[in-house]
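Q: Got a structure for you, written out below as structure tokens; questions coming shortly.
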Amino acid sequence: MNFKLNQQIFSELYLNNEIEVFVKRLDLIDPFISGNKLFKLKHNVDRALLEKKNMLITFGGAFSNHILATAAYAKKKNIDCLAIVRGEEYFELNPLLTLAKKYGMKFCFVSRKEYAKRNDNNYVSELIRKYKKAFIVPEGGNNKLGVLGAEEILEKQDKSFDYIICPIGTGATLSGIVNSSNRSQKVIGINCINDTKDINKNISQKTNKNNWEIINEFNFGGFAKFDNVLTEYLKKFKLNNKITLDLNYTTKMFFGFEKLIERRYFQRKSKVLLIHTGGTYGNLGFNYLYDLDLPYESN
Ligand SMILES: *Cc1c(COP(=O)(O)O)cnc(C)c1O
């Protein structure tokens, strides 16, 4: 895949601690088929087309980056798609679903109870019976093909980094990064959701090395949870580095990263690569729900 190279960023904190910091700008690949989602989708969609399926079915919350990315990518690849969305339908679609609809996505809104069955074999078989030629992409693109795509995030020249850091939702992205890392590199996942047990299990099943660690203390209470400290951090980061972060994941990642520096987590003279996994259009959802004015365009 062809994407812009790593960008170095600077601050007094990095300088004082003698670490070099780079950001892999997956956010610049496409605003809607955002960052890591493209990597997790590509082999899934290739497989669907190979199997002559005529539709993708996937799952997500009403503000899910994965839903929007799937809609945009399906359009690009000329395949229909249906999203099973957690929660009831509102009178007005939120900005993310409005964009997804523009790409031709159809929605099926289900109760939380039904949504909880999204990974059950019976439920999935029933969907396949109903929509005969559908290809199922699990929530967040979290399957083997998704991890295979995430293995393509690191490039050859990234072997020079001592630490690689990415945010965690399902852990599929981290799993792919671990698989393509060197054993001498340390891969750190900043957990941005509530659940810790399932993530560890998911990653252990999908990786072949143990050079990774998950940091759980910077999730700000769980997925989509935030406070003023976090929104101020996002805005300051934009001012200092001209990089837009998303509030769900990459803001928590950078916030946690800088706290780790203050604690002398990183060896002096080391090189750190943080993966900007995209998702900045998710900020539109926060602006809509909480009347905020977060930036959402990359650059
Ligand atoms: C979905 C998403 C993640 C989480 O990726 P996983 O592979 O599920 O861990 C991280 N960052 C952004 C911006 C995302 O949209």
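The values are calculated or read from the model by the stated rules, or taken from the named source; none is laboratory data. This is a predicted model, so every value here is computed, not measured. Cβ atoms come from the backbone with ideal geometry, glycine included; neighbour counts cover every protein chain shown. Note: accessible area is taken over every heavy atom of the protein model, side chains too, but ligands, DNA and RNA are not part of it. Shrake-Rupley method; radii C 1.70, N 1.55, O 1.52, S 1.80 Å.
Q: Which helices, taking whole DSSP H runs in the chain, have alpha carbons extending 15 angstrom or more along the helix axis plus mean Kyte-Doolittle at least -1.0?
A: 36-50, 65-76, 228-241, 250-262
Q: Using a 10 angstrom Cβ neighbour count of at most 11 plus a DSSP loop assignment to flag exposed trypsin sites (Lys or Arg not before Pro), which longest range of the chain is free of such sites?
A: 53-131
Q: Something else now. Report the relative contact order of the chain, percent, no decimals, based on alpha-carbon pairs under 8 angstrom and at least 6 residues apart.
A: Once divided by the residue count of the chain, the mean separation gives 23 percent.
Q: Please work out the Cα center distance from segment 91-151 to segment 1-41, rounded to the nearest Å.
A: The two parts, judged by their Cα centres, are 28 Å apart.
Q: Now for a different question. When the Karplus curve 6.51 cos²θ - 1.76 cosθ + 1.60 is applied with θ = phi - 60°, which whole-Hz ³J(HN,Hα) does each residue of segment 81-89 get, with x for Gly and Pro?
A: Each residue of segment 81-89 in turn: 8, 10, 10, 8, 9, 6, x, 6, 7 Hz.
Q: Here's something else I'd like to know. To the nearest 500 deg cm²/dmol, what mean residue ellipticity at 222 nm is calculated for the chain from DSSP H runs of n ≥ 4 alone, each contributing -39,500 (n - 2.57), summed and divided by the residues?
A: Rounded to the nearest 500, it is -11500 deg cm²/dmol.
Q: Can I ask one more? Considering only protein heavy atoms and a 1.4 Å probe, what is the carbon-and-sulfur percentage of the accessible area of the chain?
A: C and S fraction of accessible area: 49 percent.
Q: Using 11 Å as the cut-off for backbone N distance, which residues of segment 229-259 belong to the label zone defined by a point 7 Å from the Cα of L93 along Cα→Cβ?
A: It comes to no residues whatsoever.
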